[in-house]
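Only one structure is covered here, and it is reproduced in the block below.
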Amino acid sequence: MGRALIIVDVQNDFCEGGSLEVTGGSAVAQRISDYLTDHDYDMIVATRDSHIDPGTHFSEKPDFVDSWPPHCRVGSEGHKLHPNLVVDLDAVVDKGFYSASYSGFEGVDPWGRSLDALLKLKGITAVDIVGIATDYCVKQTALDAAHLGYTTTVYLDLTAAVNPDNLDLLKASLWVAGVTPKNS
């Protein structure tokens, strides 16, 4: 039984000063790095929003539900993982090249392997999920992990939310889906 850490979208554009900043993003990057000094995993994977031309996902007049300001364009500074995230990664999975994409399980590594395939190759049966944003990409990655049969935990203190006032509702929806939301 292997355990993996999935670090969701801890990228410059989602941290303070980025084009779609989430309050606390830079601090979350540092807390994840600090957490890993005392915790071992069989595999550590990062996901990245990696947009080339995601269609209506980008908007000059975003609704912040289905459309967003341009962010995480491949090759930009905003696309890069945040410098506070100092981690030895086993893999990076990119998602959202030509459409909206919230779950890390929609992405692929540079060789076209899905996150699910990478986890299975390593014999992973349990995942801990951290990153940005709790209420969007972290949530969707966790829901997909549970749906695929992984024992799934979200460490809320190692995430940053777009709408932190909605975390109680988010926790309830995770519980119902078989995901354990807790602090590290």
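Helix 25-36 sits at what angle to the longest principal axis of the chain, using alpha carbons and giving 0 to 90 degrees rounded to 10?
20
Going down the list LYS80/LYS139; LYS95/LYS171; LYS61/LYS122, which pairs span over 32 Å between their C-alpha atoms? Provide the component values of the computation, followed by the final result.
Values: LYS80/LYS139 21 Å; LYS95/LYS171 25 Å; LYS61/LYS122 43 Å.
As for pairs spanning more than 32 Å Cα to Cα, those are LYS61/LYS122.
Averaged across orientations, what area in nm² does the convex hull of the alpha carbons in the range 1-138 project? Please list the in-between numbers first.
Numbers: hull surface 31.5 nm².
For the Cα atoms of the range 1-138, the hull's average projected area reads 7.9 nm².
Given +1 on the Cβ of Lys and Arg, -1 on the Cβ of Asp and Glu, and no further charges, what dipole in debye does the range 1-79 carry about its Cα centre, rounded to the nearest 20? Could the numbers behind the result be given before it?
Values: 5 positive and 14 negative charges, 17 e Å.
Around 80 debye, computed over the range 1-79.
Rounded to the nearest 0.05, what FRET efficiency do LYS120 and LYS61 have when you use their Cβ-Cβ distance and R0 = 45 Å? Working shown, then result.
Details: r = 41 Å, r/R0 = 0.92.
Once the sixth-power term is evaluated, E becomes 0.60.
Name the long-range amide H neighbours of HIS82: under 5 Å, sequence gap of 5 or more, or other chain; modelled H, no Pro or chain starts.
Long-range HN contacts for HIS82: GLN11, ASN12.
Whole-Hz ³J(HN,Hα) for each residue in the range 67-82, computed from phi via Karplus 6.51 cos²θ - 1.76 cosθ + 1.60 with θ = phi - 60°, x for glycine and proline: what do you get?
Along the range 67-82, the couplings run 10, 9, x, x, 7, 6, 6, 3, x, 8, 4, x, 6, 5, 5, 5 Hz.
Sequence neighbours fewer than 8 away in the same chain don't count; with that in mind, list the aspartates and glutamates whose C-alpha is under 17 Å from LYS120.
Cα-Cα hits under 17 Å: ASP42, ASP90, GLU106, ASP109, ASP128, ASP144.
Starting from the coordinates of the alpha-carbon atoms of the range 72-184, obtain the Kirkwood hydrodynamic radius over all distinct pairs and give the value in Å to one decimal. All intermediate terms of the calculation are to be shown ahead of the outcome.
Working: mean 1/r = 0.0675 Å⁻¹.
Over the range 72-184, the inverse of the mean reciprocal pair distance is 14.8 Å.
Just GLU60, GLU77, GLU21 to compare: in a GNM of the chain, with alpha carbon springs under 10 Å, which one fluctuates most?
Largest GNM mean-square fluctuation: GLU60.
Apply the Karplus curve 6.51 cos²θ - 1.76 cosθ + 1.60, θ = phi - 60°, to the phi angles in the range 9-20 and return the couplings in whole Hz, x for Gly and Pro.
So the Karplus estimates, Gly and Pro as x, are 6, 7, 10, 4, 5, 9, 10, 3, x, x, 6, 9 Hz.
I'd like the distance between the alpha-carbon centres of the range 1-69 and the range 86-107, rounded to an integer number of Å.
Taking the Cα centre of each part, the range 1-69 and the range 86-107 sit 9 Å apart.
Pairing the Cα long axis of helix 167-176 with the longest principal axis of the chain, what angle in degrees results, from 0 to 90 and rounded to the nearest 10?
50
Long-range amide H contacts for THR159: which residues qualify at under 5 Å (H placed 1.01 Å from N, peptide plane, sequence gap of 5 or more or a different chain)?
Excluding prolines and chain starts, which carry no amide H, the hits are GLY131.
Just need the relative contact order of the range 75-138 here, percent rounded to a whole number, with Cα pairs under 8 Å and 6+ apart. Let's see the in-between values first.
Values: 45 pairs, mean separation 14.0, N = 64.
Reported as a whole number, the value is 22 percent.
Using θ = phi - 60° and the Karplus form 6.51 cos²θ - 1.76 cosθ + 1.60, what ³J(HN,Hα) does each residue of the range 109-123 get, whole Hz, x for Gly and Pro?
7, x, 9, x, 8, 6, 4, 4, 4, 4, 5, 5, 4, 8, x
Just to confirm the filter: which chymotrypsin sites (Phe, Trp or Tyr not before Pro) across the range 31-82 are DSSP coil and have at most 12 other Cβ within 10 angstrom of their Cβ? Let's see the in-between values first.
Details: sites: TYR35, TYR41, PHE58, PHE64; in loops: TYR41, PHE64.
The qualifying sites are PHE64.
Just so you know, all these numbers are worked out from the coordinates, no wet-lab data involved. Predicted model only: the values in this text are computed from it and were never measured. Glycine gets a Cβ as well: all are built from the backbone with ideal geometry, and neighbour counts include every protein chain shown.
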